[in-house]
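Let me begin by presenting the structure, written as structure tokens, before commenting on it.
The values are calculated or read from the model by the stated rules, or taken from the named source; none is laboratory data. In this text, all values refer to a predicted model and were calculated from it rather than measured experimentally. Don't worry about glycine lacking a Cβ; one is built from the backbone with ideal geometry, like all the others, and counts go over all protein chains shown. These accessible areas exclude ligands, DNA and RNA; they are computed on the full protein's heavy atoms, side chains included. Shrake-Rupley method; radii C 1.70, N 1.55, O 1.52, S 1.80 Å.
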Amino acid sequence: DKLTPIPSNMDVVLLVDGSGSMHNATDITGKSWPFPPIKAGMHVGCVMNEACTSDVTATRYTNFYMGLWGNDKPLMLVKPGDDKREIGQRIAGIKQNQDWGTSLAPSIRFITEQLAEGQKQHSGATSKTGYSHIIVLSDGGVSDSNASFETVRQLLENCPMASVDFVVVENGKTALDAVATKLKDRFPGRIGVHHHNSTATLSDGLETLLLERIRNTPIAPSVTSEYKRATLERAYHAMR
């Protein structure tokens, strides 16, 4: 007899390449950028965190995660509910001389587990859930191409309410581009491949990308948090 809107939670994930080359203010040809890509990533991460925790989105349960990928476990800088001072200290502690690799698969698997755990916060018969939108930022280097392809493939095949966008600050002929293009061919509409030739456009570009991804995502029938958690857990176990 009566229609009542039920808020659904949405996940936004920003995974930033933590390798040493991301701290350089030049591209592979030696052309200078205004600032290093990692600084642009940290800036947009702070903006997204503020947006996701604002009064406007508070009742919609917009969960924001940000981490550095590259090692066996990502360095998580932001998780839902984290104190802003602690977030600032983590970001300020990022140094160029940190020993960091270029393996993406471990971070995709880790964040899949985190997203599954996050669904427990909104469990209940009337708790509805939305999409999980993941953005991977890099300058193009990746050392585990096959594993990265398989890990993202398992995520998208098992969890229909997920998307992954790859943003590369280079010319489009990188190792990560090859992985992203193969995935895009397999999952059209749920994988995006984007490029920036300068860090000056990167911050605004990432914010616009997320907005367009949300607007262009087809409206799917509502599912419960328990259902989505089950799909994420299935994807996580399939990634082993």
- Quote the FRET efficiency, to the nearest 0.05, computed for Arg240 versus Ala200 with a Förster distance R0 of 45 Å and r equal to the Cβ-Cβ distance. 0.65
- Item | Amide H contacts of Ser103 (H built 1.01 Å from N, under 5 Å, at least 5 apart or other chain) | Gly70, Asn71, Ser143
- Message: Let me understand the stretch 175-240 better: what is its radius of gyration from the alpha carbons, and its Dmax, in angstrom?
- Response: 15.4, 42
- So, counting K/R as plus one and D/E as minus one, what does the shell of residues with Cβ under 12 Å around Ser145 add up to? -2
- Between the helical axis of 105-118 and the dominant principal axis of the chain, each derived from Cα atoms, what acute angle in degrees is found, rounded to the nearest 10? 30
- Item | Sum of -39500 (n - 2.57) over DSSP H runs of 4+, divided by residues of the chain (222 nm, nearest 500) | -12500 deg cm²/dmol
- What are the lysines whose alpha-carbon lies under 19 Å from the alpha-carbon of Lys128, with same-chain residues fewer than 8 places away excluded? Lys2, Lys120, Lys228
- May I ask you to give the percent of accessible area on the chain that is carbon plus sulfur, with a probe radius of 1.4 Å? 51
- Query: What nm distance separates the two modelled labels at Lys173 and Ile214, each placed 7 Å from Cα along Cα→Cβ?
  - Reply: 3.7
- Item | Reachable lysines, given that their alpha-carbon falls under 16 Å from the alpha-carbon of Lys184 and they are not under 8 places away in the same chain | Lys173
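Report, to one decimal in Å, the Kirkwood hydrodynamic radius for the chain based on all distinct Cα pairs.
Details: mean 1/r = 0.0552 Å⁻¹.
That comes to 18.1 Å for the chain.
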- How do His23, His195 rank by accessible surface area computed with a 1.4 Å probe, from largest to smallest? His195, His23
- Task: For the stretch 89-182, report the accessible area per residue in Å² (1.4 Å probe, heavy atoms, rounded to an integer).
- Result: 38
